[in-house]
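Enquirer: Can you keep this structure in mind? I'll have questions shortly.
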């Protein structure tokens, strides 16, 4: 069983998950740097004459510093909580479902995005943004990797998870 698990972890679908985690890390870094630099610049330019704008600059810089801190705490894909649980504690995952969102004003598709929700035995959740075209691939792969977990969203599963996440473990 353990050998099969490691074989599945080498599956090409893990590349999709890895790339999504990497993209999330780079986004944290980029947003953090933009907010921090712009906030500190605003503060430096206006600190003597316009204290309100300087305070606004600090207000912009603080979330930037938080994003940078989050990136620096776990700069590698292997440090990501989802990656860790998939590799080290897969039985800790009890429920997985996906959600697709499409922005279609007047019937024209402007954007679409997907989210993979991974619900854990301790009642916490991990999310991962994935291209909508890759959601099904990731979900099918995870069904093979995690045969004990429940898949797909329903109100009944949501209620079971809220009462006791262990209720969703199969077999």
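Any read-out appearing in this document is the output of simple, stated calculations on the displayed coordinates, not a laboratory observation. Bear in mind that the values here come from a model prediction, so they are computed numbers and not experimental data. All Cβ positions, glycine included, derive from the backbone under ideal geometry; neighbour counts span all protein chains shown.
Enquirer: Which of 119, 104, 14 ends up with the largest GNM mean-square fluctuation for the chain, with Cα atoms connected below 10 Å?
Expert: Of the options given, 104 has the highest mean-square fluctuation.
Enquirer: Length gain on complete extension for the stretch residue 37 to residue 76, per 0.36 nm per residue less the alpha carbon to alpha carbon distance?
Expert: 11.7 nm
Enquirer: Next question. Compute the helix-to-body angle for 51-73: its Cα long axis versus the longest principal axis of the chain, expressed 0 to 90° and rounded to tens.
Expert: 30
Enquirer: Hey, fewest Cβ within 10 Å first, where do 34, 118, 60, 163 land in order?
Expert: Values: 34 13, 118 22, 60 19, 163 9.
If I rank by nearby Cβ atoms, fewest first, I get 163, 34, 60, 118.
Enquirer: Which of these, 48, 160, 99, has the largest mean-square fluctuation under a Gaussian network model of the chain (Cα springs below 10 Å)?
Expert: Result: 48 has the largest fluctuation of those listed.
Enquirer: Can you give the FRET efficiency for residue 18 and residue 101, using 1/(1 + (r/R0)^6), R0 = 25 Å, r = Cβ-Cβ distance, to the nearest 0.05?
Expert: For R0 = 25 Å, the calculated efficiency reads 0.65.
Enquirer: In region 110-138, whose amide N lies under 15 Å from the spot 7 Å out along Cα-to-Cβ of residue 27? List them in ranges.
Expert: 111-118, 126-135
Enquirer: Let me ask something else about it. Consider all pairwise Cα distances in region 89-168 and report the whole-number % of them above 16 Å. Don't skip to the answer; put the middle values down first.
Expert: Details: 1689 of 3160 pairs.
For region 89-168, the share of Cα pairs beyond 16 Å comes to 53 percent.
Enquirer: Taking the Cβ of each residue in 95, 66, 83, 26 as the centre, tally the other Cβ atoms inside 10 Å and list the residues starting with the fewest.
Expert: 26, 66, 83, 95
Enquirer: Could you check which residue among 106, 117, 141 shows the biggest mean-square fluctuation in a GNM of the chain with a 10 Å Cα cutoff?
Expert: Largest GNM mean-square fluctuation: 106.
Enquirer: No solvent, one uniform scatterer per C-alpha: report log10 I(q)/I(0) for the chain via the Debye equation at q = 0.11, 0.14 1/Å, two decimals.
Expert: The Debye formula, applied to the Cα set alone, gives -0.61, -0.85.
Enquirer: Still on this model: Can you give the helix-only mean residue ellipticity at 222 nm for the chain, where every DSSP H stretch with n ≥ 4 adds -39500 (n - 2.57) and the sum goes over all residues, rounded to the nearest 500 deg cm²/dmol? It would help to have the intermediate numbers written out before the result.
Expert: Values: 6 runs with 96 residues, N = 171.
Computed mean residue ellipticity for the chain: -18500 deg cm²/dmol.
Enquirer: How long is the gain from residue 69 to residue 125 if the chain were fully straight, where each residue apart is worth 0.36 nm and the alpha carbon distance is subtracted?
Expert: Residue separation times 0.36 nm, minus the Cα-Cα distance, leaves 18.1 nm.
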